[in-house]
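Enquirer: First the structure, then my questions, so here it is.
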Amino acid sequence: MPEPPLALIEFPADDSERARRFWSGLLGVTLESRAVGEGEGWQTHAGAPAVGVHVRGRGPGDSFSLPYFEVEDLPAALAQVETLGGSVIHPGDAWAVCRDSEGSPFGLAAASRSASG
């Protein structure tokens, strides 16, 4: 059985500096500013899955921690989410936020085509 393609675990934060210190200290990783196309906030750029922190907001990906699963074909995966009874909350070309059939939020990330994304 293949390993789940977990690409990123994202944590919203009320105090982003405090959250960065917490996750860096706990996991022994460096959370760097995100590159263009990665969204706002900070994340690890070595090892997998990546760990990310961003300022808490009001969206479905801003209230709770979210796992992001890597998929080869993001448009096909988004269609499959809806076919299986889930919903696409925030569609995108590189990543998307969805809810499963029970309402739990999660993310999908397009598989990287190059090192620069």
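The values are calculated or read from the model by the stated rules, or taken from the named source; none is laboratory data. What you see is a predicted model; the values in this text were computed from it and never measured. FYI the Cβ positions are ideal-geometry reconstructions off the backbone, even for glycines, and counts take in every protein chain you see. We work out accessible area using only protein heavy atoms, side chains counted, and drop any ligands, DNA or RNA first. Shrake-Rupley method; radii C 1.70, N 1.55, O 1.52, S 1.80 Å.
Enquirer: Select, from V29, V51, the only residue that is in contact (Cβ under 8 Å) with a residue 24 or more places away in the chain and farther than 14 Å from F106 by Cα.
Expert: V51
Enquirer: Which one of these does V29 not meet: (1) closer than 20 Å to E70 by Cβ; (2) open to solvent by 70 Å² or more (accessible area, probe 1.4 Å)?
Expert: Evaluating V29 over (1) closer than 20 Å to E70 by Cβ; (2) open to solvent by 70 Å² or more (accessible area, probe 1.4 Å) leaves (2) as the failure.
Enquirer: Could you check how many residues of segment 93-105 are farther than 15 Å from A7 by Cα and surrounded by fewer than 16 Cβ atoms within 10 Å (Cβ to Cβ)?
Expert: Number of matching residues: 6.
Enquirer: So is L6 over 15 Å from the mean Cα position of the chain (by Cα), among the aliphatic types (A, V, I, L, M) and open to solvent by 30 Å² or more (accessible area, probe 1.4 Å) or not?
Expert: Here the answer is no, as L6 does not meet what is asked.
Enquirer: Could you give me the residue pairs with C-beta distances under 7 Å whose first residue belongs to segment 73-89 and is in a strand (DSSP E or B), whose second residue is open to solvent by 40 Å² or more (accessible area, probe 1.4 Å) wherever it lies, and which are 6+ apart or on separate chains?
Expert: S87/R99; V88/E82; I89/R99
Enquirer: Please enumerate the residues belonging to segment 43-78 that are surrounded by 13 or more Cβ atoms within 10 Å (Cβ to Cβ), among the charged types (D, E, K, R) and under 21 Å from D93 (Cβ atoms).
Expert: D62, E70
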